[in-house]
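To start, the structure itself, in structure tokens.
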Amino acid sequence: MVHLRMKTNDEFQDYQARIDSICGCTEVSQPCMAMLKECRRELCVNFPVKMDDGSVKIFTGYRVQHNDTRGPFKGGIRFHPDVNLNEVKTLAALMTLKAAVVNIPYGGAKGAVVCDPKTLSIHELERMTRRYASEISNLIGPERDIPAPDVGTNPQIMAWIMDTFSMNKGYSVLGVVTGKPIDVGGSLGRFEATGRGCMICTLMAAKRLNIAVPGATVAVQGFGNVGGNLARMLAEKGCRVIAVSDVMGGVYNADGLDILSLRQHTEETGSVIDFKDGESITNAELLATKCDILAPAALENTIREDNADTVKAKLIIEGANGPITPEADQILNAKGIFIVPDILANSGGVVVSYFEWVQGLQSFFWTESQVNRQLELVMSNAFKEVMALSVDHQVTMREAAYILAVKRLDSALGLRGIYP
Ligand code: NAD
């Protein structure tokens, strides 16, 4: 039996403790274990941006490359006021594992700028993004490290990064970022891909748990790219999405929320709160909602030791990265709740990013149904592999996903060897 829980106050140390636990109970080489526990490169940049009022503000940004044993570094860029180096390192490491779980030829990376994009004008956001792209341009590139959107970033921001990189090269480099708008080399299906991947995992896990999907009750925390698309797709499958929240608060309707109207309301007002066909609830109440399926799809560490016991769902789909702390994980496992871990559940985004990169390199673009079909194939294979390993080794889905990823990385490292 693997024990993933190690209590520290540092999320990267928590990650390292997880790797120790996994490697301690499966046959993993010492070099692989040592390499997975550290990040290969950590870049911190402090750079000036001209603000609209004529002043100059210094922004701090990061790009962390964790491991590229299985292919180029790959990982999103987050714009958030509270982001810090340790968080970026942890997210970079999760990307290495995620790419290995779904068996796509990438390593792991992550980037961030400490800022609140909502407080910047569109011109300030563009200048800040372009300068950040320029600051990290020595590290990124289609063969080296390929960024993508994450919290606080979007296709427009990816287009600016692609353009900045291309201007400095002297020609258009489509493969330098993924999650681009369709008109500049984006892939059909990329915008919804993470939500779609979560939906595929939800259907497979529900079948395993004998939860009848038409009629299953669902609560989703976070109504952005991941949570918004997942809520819509599960509603289309006949689920009753009874609770949804965002950073401002949540809404509840026991008969099921009309997700399309809720989306329109959010577009008009900036939040799900004050939706006319639902009662107000807090984020804490959303997590404690009695439902079949709970999808934390906002930020990390939302289910912790102090609130894990309130969770009543039968199935948790980790739409966000790291939404459950190691201590909460133990509590939820003890309650018998089935958890589809982040490195499997939300990997649909990186899978379709991989398809976008392949399409860009070949300048040959696929139809949306080709993208969705291939995504379904990759996700369902990965789910089945993790499930089989979990049954064989009598471990949780999280432990099984880590074991699968670490074994694949160990095998690749064994074949490549350590240079020189
Ligand atoms: P997003 O910015 O589009 O949406 C985030 C949502 O979470 C928003 O509705 C926001 O209001 C809400 N939120 C933020 N803080 C909150 C809080 N404290 N309490 C409740 N709600 C809060 O971001 P996203 O792209 O949907 O990403 C969400 C999560 O999914 C992140 O953990 C991200 O790393 C992960 N993820 C995203 C992708 C992707 O393709 N976008 C892929 C894999 C993983």
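Here, each number is a calculation from the coordinates, and none is a lab measurement. None of these values were measured; they are calculated from a predicted model. Here the Cβ positions follow ideal geometry from the backbone for every residue, glycine too, while neighbour counts run over all protein chains shown.
Just going by the charge dipole of the chain, with Lys and Arg at +1 and Asp and Glu at -1 on Cβ, which of V220, L409, A297 is farthest out on the positive end? Comparing the listed Cα positions along the dipole, L409 ranks first. Loop-resident chymotrypsin sites (Phe, Trp or Tyr not before Pro) (DSSP state other than H, G, I, E or B) in the range 54-122 with no more than 15 further Cβ atoms inside 10 Å of their Cβ are absent.
For the chain, what is the calculated [θ] at 222 nm in deg cm²/dmol (nearest 500), taking -39500 (n - 2.57) for each run of four or more DSSP H residues and dividing by its residue count? Before the final figure, lay out each step's value.
Numbers: 14 runs with 186 residues, N = 420.
Theoretical 222 nm ellipticity from helices: -14000 deg cm²/dmol.
Spatial offset of the range 5-55 relative to the range 384-420 amounts to 19 Å, using the alpha carbon center of each.
Leaving out same-chain residues fewer than 8 places away, which lysines sit with a Cα under 23 Å from that of K276? Answer for K276, where 23 Å is the Cα cut-off: K290, listed by chain and number. With contacts taken as Cα pairs under 8 Å at a separation of at least 6 residues, the range 312-420 carries a relative contact order of 25 percent.
Using the Cα centre of the chain as the reference point, and only Cβ charges (+1 on K/R, -1 on D/E), how large is the resulting charge dipole? Debye, rounded to the nearest 20.
On the way: 42 positive and 48 negative charges, 213 e Å.
That gives a dipole near 1020 debye.
What lysines could a cross-link reach from K37, if we take a straight Cα to Cα line under 25 Å and drop same-chain neighbours fewer than 8 places away? Of all the lysines, those that pass the test against K37 - Cα under 25 Å, at least 8 places apart if same chain - are K7, K74, K89, K98, K110, K407. Here the contact order of the chain, divided by its residue count and restricted to Cα pairs under 8 Å and six or more residues apart, works out to 16 percent.
By the rule of a C-alpha distance below 15 Å, with chain neighbours fewer than 8 residues away ignored, the aspartates and glutamates paired with K57 are D116, E124, E126.
Could you give the alpha-carbon Rg of the range 177-275 over 2.2 N^0.38 Å, rounded to two decimals?
Values: Rg = 14.3 Å, N = 99, 2.2 N^0.38 = 12.6 Å.
In units of the globular-protein estimate, the range 177-275 measures up at 1.14.
Note down the Stokes-Einstein diffusion coefficient of the chain in µm²/s, whole number, using a Kirkwood radius over alpha carbon pairs, 20 °C, and 1.002 mPa s. For the chosen part, D equals 99 µm²/s.
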